[in-house]
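Peer 1: Dumping the structure here so I can ask a few things about it.
The values are calculated or read from the model by the stated rules, or taken from the named source; none is laboratory data. Keep in mind the model is a prediction, meaning the values are calculated, not measured. Here Cβ is always computed from backbone atoms with ideal geometry, including for glycine, and neighbour counts include all displayed protein chains. Areas reflect the complete protein model, heavy atoms only, side chains present, ligands, DNA and RNA absent. Shrake-Rupley method; radii C 1.70, N 1.55, O 1.52, S 1.80 Å.
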Amino acid sequence: MRILSGIQPSGALHLGNYFGMMRPAIELQEQGDAYFFIADYHSMTSLYDAAQRRQNTIDVALDFLACGLDPVRSVFFRQSAVPEVVELSWLLTTVTPMGLLERCHSYKDKLAHGISPNHGLFAYPVLMAADILIYDANVVPVGRDQKQHVEVTRDVAQKFNQTYGETFVIPESRIRESVAVVPGTDGQKMSKSYGNTIEIFGEEKATRKKIMALVMDSRTPAEPKPDADKNIAVQLLKLVAPAEVGTDFEERLKAGGLGYGDLKKALFEHYWTYFAPARARRAELAANLDHVENVLREGSERAALVARATLKRARRACGID
Ligand code: ADP
Ligand code: TRP
């Protein structure tokens, strides 16, 4: 089984990225041969600062390695280090119906949030399809917001296969339903583009402040809160604390008598402890950036071998060999 996922270097990684994608992806490393990459080409649809992209790319590499990506077992690389994917993206674009892209929620969502669209943002799912197909991936672990892009990938692959003969493996998404959508500080989906994130490796004081500022309702501590399971702090606590701690806080809110301040304090403490080992690993890695660069370079060499073979197959299929 080949596993593949990517993440954009468009800002500091947050709890949504970690629980929705990174942790499930890292766990899958045990079950097959895994390809993980930093989607720097994709980040160009929303980030226009070259220095920032360079820095974010290193930060994502550090975050992923610190969280347990094993570069010996898995292939870890920069998307742009294997530019063959852009050529494949063109081949795919010619069999992608406009309507398929027009229906993409993530595109429509970004427009709704005031992002002015460019062609790259519109065509983004085709590049993502190329990412997945060029590595012959079977399983794509992602958060729920990316599920539709994997559906697009399947449609495009099928269309190419029907048009030019069997060329691509048809992939499927793998979504961890329990953490399919991690809520942000305002209760919407946590996302870099909504400014509602709690970072994985946030600075201590700033993150405590963010957590203590989580928006709650105005009910007094004494009041019972039967809807406690929907409380953002409870939902986040359940991710970073042992199961019994999460349910205990939920029960106490339901019963009445627990203040939101105490709940948030507990959330911060558990968050801080949960990521302590990864934080220490990240500091070690950050002091050895040459090692990180080597990991990415070796990863791109391994990835390029697979990508070149697939691209050759696709070119031959459509008669441009
Ligand atoms: P963002 O929305 O912050 O820009 P990305 O789109 O870069 O995040 O997402 C990277 C990965 O993390 C994707 O697989 C995505 O599904 C997952 N992910 C992002 N936010 C969340 C969330 N709030 N809950 C669950 N998964 C998420
Ligand atoms: N579009 C994904 C995101 O924003 C990142 C990504 C690019 C990706 N190519 C991919 C994810 C291929 C999985 C497979 O999160």
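Peer 1: Could you please let me know if E27 is of a type in the set (D, E) and without any contact (Cβ under 8 Å) to a residue 24 or more places away in the chain? Can you show your working first?
Peer 2: Details: of a type in the set (D, E): yes; without any contact (Cβ under 8 Å) to a residue 24 or more places away in the chain: yes.
For E27, the condition - of a type in the set (D, E) and without any contact (Cβ under 8 Å) to a residue 24 or more places away in the chain - is met.
Peer 1: If the requirement is being over 20 Å from Q146 (Cα atoms) and touching a residue at least 40 places away in the same chain (Cβ under 8 Å), which of these qualifies: V72, V85, V95?
Peer 2: Numbers: V72 fails: touching a residue at least 40 places away in the same chain (Cβ under 8 Å); V85 fails: over 20 Å from Q146 (Cα atoms).
One residue alone meets the criteria, V95.
Peer 1: Against the condition surrounded by 16 or more Cβ atoms within 10 Å (Cβ to Cβ), of a type in the set (F, W, Y) and under 24 Å from A276 (Cα atoms), how does F76 come out, does it pass? Step through it out loud before you land on a result.
Peer 2: Values: surrounded by 16 or more Cβ atoms within 10 Å (Cβ to Cβ): yes; of a type in the set (F, W, Y): yes; under 24 Å from A276 (Cα atoms): yes.
When the stated conditions are applied, F76 passes them.
Peer 1: I've got another one for you. At least 3 residues that are surrounded by fewer than 19 Cβ atoms within 10 Å (Cβ to Cβ) in each: list the helices (runs of 4 or more DSSP H) lying fully within the stretch 192-285 that qualify. Step through it out loud before you land on a result.
Peer 2: Details: elements: 204-212, 232-240, 243-255, 260-274.
Counting at least 3 such residues, we get 204-212, 243-255, 260-274.
Peer 1: Just give me the residues in the stretch 12-27 being open to solvent by 10 Å² or more (accessible area, probe 1.4 Å) and among the hydrophobic types (A, V, I, L, M, F, W, C), in sequence order.
Peer 2: Hits for the stretch 12-27 are A12, M21, I26.
Peer 1: Can you run down the residue pairs with Cβ atoms below 6 Å, 6 or more apart or on separate chains, where the first is in the stretch 120-136 and open to solvent by 10 Å² or more (accessible area, probe 1.4 Å) and the partner is outside any helix (DSSP H, G or I) and more than 11 Å from ligand 2 (Cβ to nearest atom)?
Peer 2: These pairs meet every condition: D136/R2; D136/V169.
Peer 1: Scan the stretch 79-91 for residues that are buried (at least 19 other Cβ atoms within 10 Å of the Cβ) and hydrophobic (A, V, I, L, M, F, W, C) and report the count.
Peer 2: The total comes to 4.
Peer 1: Within the stretch 139-160, can you find the residues that are of a type in the set (S, T, N, Q) and near ligand 1 (Cβ under 8 Å from one of its atoms)?
Peer 2: We begin by selecting, within the stretch 139-160, every residue of a type in the set (S, T, N, Q); these are 146, 148, 153, 158.
Listed by number, the list holds a single entry, Q146.
Peer 1: Just to verify a result, which residue in the stretch 161-188, among those that are farther than 15 Å from L13 by Cβ, surrounded by 19 or more Cβ atoms within 10 Å (Cβ to Cβ) and not hydrophobic (A, V, I, L, M, F, W, C), is nearest to ligand 1 (Cβ to nearest atom)? Spell out the reasoning first.
Peer 2: Filtering the stretch 161-188 for residues farther than 15 Å from L13 by Cβ gives 161-178, 180-181, 183, 185-188.
With surrounded by 19 or more Cβ atoms within 10 Å (Cβ to Cβ) added as a condition, the list becomes 168, 171, 173, 175, 183, 185.
From the residues that got through so far, the ones that are not hydrophobic (A, V, I, L, M, F, W, C) too are 171, 173, 183, 185.
Working: P171: 14, S173: 9, P183: 7, T185: 11 Å.
Step by step, filter the stretch 161-188, then rank; the result is P183.
Peer 1: Now for a separate question. When only residues in the stretch 93-150 that are within 8 Å of ligand 2 (Cβ to nearest atom) and of a type in the set (D, E, K, R) count, which is nearest to P24 (Cα to Cα)?
Peer 2: Selected residue: D145.
Peer 1: Of all the strands (runs of 3 or more DSSP E) wholly in the stretch 1-83, which have at least 2 residues that are within 15 Å of ligand 2 (Cβ to nearest atom) and among the β-branched types (V, I, T)?
Peer 2: Counting at least 2 such residues, we get 2-7.
Peer 1: Further question on the same structure: Would you please list the contacts, defined by Cβ atoms under 8 Å and residues six or more apart or on different chains, that run from a residue in the stretch 291-314 that is over 12 Å from F37 (Cα atoms) to a residue that is polar (S, T, N, Q)?
Peer 2: Hits for this filter: R313/T167; A314/T167.
Peer 1: Out of the residues in the stretch 28-69 that are acidic (D, E) and in contact with a Phe, Trp or Tyr (Cβ under 9 Å, 6 or more places away or on another chain), which is surrounded by the most Cβ atoms within 10 Å (Cβ to Cβ)?
Peer 2: Result: D63.
Peer 1: Identify, from the list L100, L88, L92, L127, the residue that is away from ligand 1 (no atom under 16 Å from the Cβ), in a helix (DSSP H, G or I), out of contact with any Leu (no Cβ under 8 Å at 6 or more places or on another chain) and at pLDDT 95 or above.
Peer 2: Numbers: L88 fails: out of contact with any Leu (no Cβ under 8 Å at 6 or more places or on another chain); L92 fails: out of contact with any Leu (no Cβ under 8 Å at 6 or more places or on another chain); L127 fails: away from ligand 1 (no atom under 16 Å from the Cβ).
Only one candidate qualifies: L100.
Peer 1: Here is a further query. Show the residue pairs that are 6+ apart or on different chains and have beta-carbon atoms under 9 Å apart, the first residue being within the stretch 153-180 and assigned by TED's automatic domain parsing to the domain that holds L28 and at positive phi, the second being away from ligand 1 (no atom under 16 Å from the Cβ) and not polar (S, T, N, Q).
Peer 2: Going by the 9 Å Cβ cut-off, the qualifying pairs are G165/A317.
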